[in-house]
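A.B. asks: The following block contains the structure, expressed as structure tokens.
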Amino acid sequence: MPVAKFRAIIFDIGRVLVRLDVSRAVTGLSQGVALSPDELWSAITHDPRWSDWQEGRISPRDWQLHLAKRLGNSITFEEFTDTWNRAIDPVPILESDFLERLAKRYRLALISNTDPIHVAHLESTYGFLSHFPKSARIYSCVVGASKPNPLIYREALRASKARAKEAVYIDDVASYVEAAQRLGMAGITFRSAAQLKNDLVALGIHAN
């Protein structure tokens, strides 16, 4: 069969472009809280307002106050912001020059289920984001929808000026890849940088 002609490559961020270690954030947040780190992270991600936080319907200060009241945490907003961002490793997974080479041949976009505090940190920390047009950085807290909602994928396609069959979506979560495939995109479930590069070549996508 002929190799499909792709125009856009859409990346997840966490555990694809950057490493995440939520234990580093949870350790800081757990001070004075009568829960283990695992119990605390589960309580946060299952909080009734978690989707509001991820989809931009609650401000960072209101989210911090909400958690402080619910969990009994007494840290300040500034301390909370610093601790929350510890989950993001400053060393990226994929090399910037690899992304730069891809960007010369394809339209690059991002999709991430994330919050305003992490967005600000990502945007100020990682130089590789320059290879992704600002209009193609699709954050759940900005568009008001999270993966696997089709809306967030369609926003990335619109920003990339590509049809679904012209796009490849890369994520470490298989169910999110499957959601992209249901819309007609090709999908790659990320396991390592070497595996990703091999899978891209198999699709006819080269970075040189």
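A.B. asks: Please specify each residue of the range 22-69 satisfying the condition of being among the acidic types (Asp, Glu), modelled with pLDDT of 95 or more and open to solvent by 50 Å² or more (accessible area, probe 1.4 Å).
C.D. replies: Asp62
A.B. asks: Now, a different point. Where the second residue is open to solvent by 60 Å² or more (accessible area, probe 1.4 Å) and the first is within 16 Å of Lys104 (Cα to Cα) and lies in the range 194-208, which pairs have Cβ atoms under 6 Å and are six or more apart or on separate chains?
C.D. replies: Pairs found: Gly204/Val3; Ala207/Arg101.
A.B. asks: Turning to a different aspect of this structure: Kindly evaluate Ala156 against the criterion of being within 29 Å of Pro60 (Cβ to Cβ), open to solvent by less than 10 Å² (accessible area, probe 1.4 Å) and outside any helix (DSSP H, G or I).
C.D. replies: Criteria not met by Ala156.
Residues are listed down the side, and each one gets a yes or a no for (1) of a type in the set (Ser, Thr, Tyr); (2) within 13 Å of the chain's Cα centre (by Cα); (3) at pLDDT below 95:
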{"site": "Asp82", "(1), (2), (3)": "no, no, no"}
{"site": "Asn85", "(1), (2), (3)": "no, no, no"}
{"site": "Lys104", "(1), (2), (3)": "no, no, no"}
{"site": "His121", "(1), (2), (3)": "no, yes, no"}
{"site": "Ser124", "(1), (2), (3)": "yes, no, no"}
{"site": "Arg137", "(1), (2), (3)": "no, yes, no"}
{"site": "Val142", "(1), (2), (3)": "no, yes, no"}
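A.B. asks: Between Ala120, Ala164, Ala159, Ala194, which is touching a strand residue (DSSP E or B) at 6+ places or on another chain (Cβ under 7 Å) and small (Gly, Ala, Ser)?
C.D. replies: Being touching a strand residue (DSSP E or B) at 6+ places or on another chain (Cβ under 7 Å) and small (Gly, Ala, Ser) holds for just one of Ala120, Ala164, Ala159, Ala194, which is Ala159.
A.B. asks: What residue, among those in the range 1-21 that are charged (D, E, K, R) and within 14 Å of the chain's Cα centre (by Cα), is modelled with the lowest pLDDT?
C.D. replies: It comes out as Asp21.
A.B. asks: Mind listing just one residue for me: the one in the range 178-207 that is touching a helix residue (DSSP H, G or I) at 6+ places or on another chain (Cβ under 6 Å) and either among the aromatic types (Phe, Trp, Tyr) or part of a loop (DSSP other than H, G, I, E, B) (or both) and, of those, nearest to Val18 (Cα to Cα)?
C.D. replies: Looking at the filtered set, the residue picked out is Phe190.
A.B. asks: Taking the condition among the basic types (Lys, Arg) and either touching a Lys or Arg at 6+ places or on another chain (Cβ under 9 Å) or modelled with pLDDT under 95 (or both), does Lys147 pass?
C.D. replies: no
Here is a yes/no grid of residues against (1) assigned to a loop (DSSP other than H, G, I, E, B); (2) over 27 Å from Ile93 (Cβ atoms); (3) more than 22 Å from the chain's Cα centre (by Cα):
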{"site": "Ser23", "(1), (2), (3)": "no, no, no"}
{"site": "Ser51", "(1), (2), (3)": "no, no, no"}
{"site": "Ile58", "(1), (2), (3)": "yes, yes, no"}
{"site": "Gln64", "(1), (2), (3)": "no, yes, no"}
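A.B. asks: Between a first residue in the range 162-176 that is free of Cβ contacts under 8 Å to residues at least 40 places away in the same chain and a second residue that is part of a strand (DSSP E or B) and surrounded by fewer than 19 Cβ atoms within 10 Å (Cβ to Cβ), which pairs have beta carbons less than 9 Å apart while being 6 or more apart in sequence or on different chains?
C.D. replies: Taking only residues 6 or more apart or on different chains, the pairs are Ala174/Thr189.
A.B. asks: Then there is this: Tell me the residue from Leu40, Leu35 that is in contact with a Leu (Cβ under 9 Å, 6 or more places away or on another chain), on the phi < 0 side of the Ramachandran plot and part of a helix (DSSP H, G or I), please.
C.D. replies: None of the other options fit; the residue is Leu40.
A.B. asks: A further question follows. Looking only at the range 136-149, which residues are more than 17 Å from Leu99 (Cα to Cα) and either open to solvent by 70 Å² or more (accessible area, probe 1.4 Å) or not in a strand (DSSP E or B) (or both)?
C.D. replies: Once the filter is applied, which keeps residues that are more than 17 Å from Leu99 (Cα to Cα) and either open to solvent by 70 Å² or more (accessible area, probe 1.4 Å) or not in a strand (DSSP E or B) (or both), the range 136-149 yields Ser140, Cys141, Val142, Val143, Gly144, Ala145, Ser146, Lys147, Pro148, Asn149.
The values are calculated or read from the model by the stated rules, or taken from the named source; none is laboratory data. All of these numbers come straight from a predicted model, not from anything done at the bench. In this analysis, Cβ positions are derived from the backbone assuming ideal geometry, glycine residues included, and neighbour counts consider all displayed protein chains. All accessible areas refer to the heavy atoms of the entire protein, side chains included, with ligands and DNA or RNA removed. Shrake-Rupley method; radii C 1.70, N 1.55, O 1.52, S 1.80 Å.
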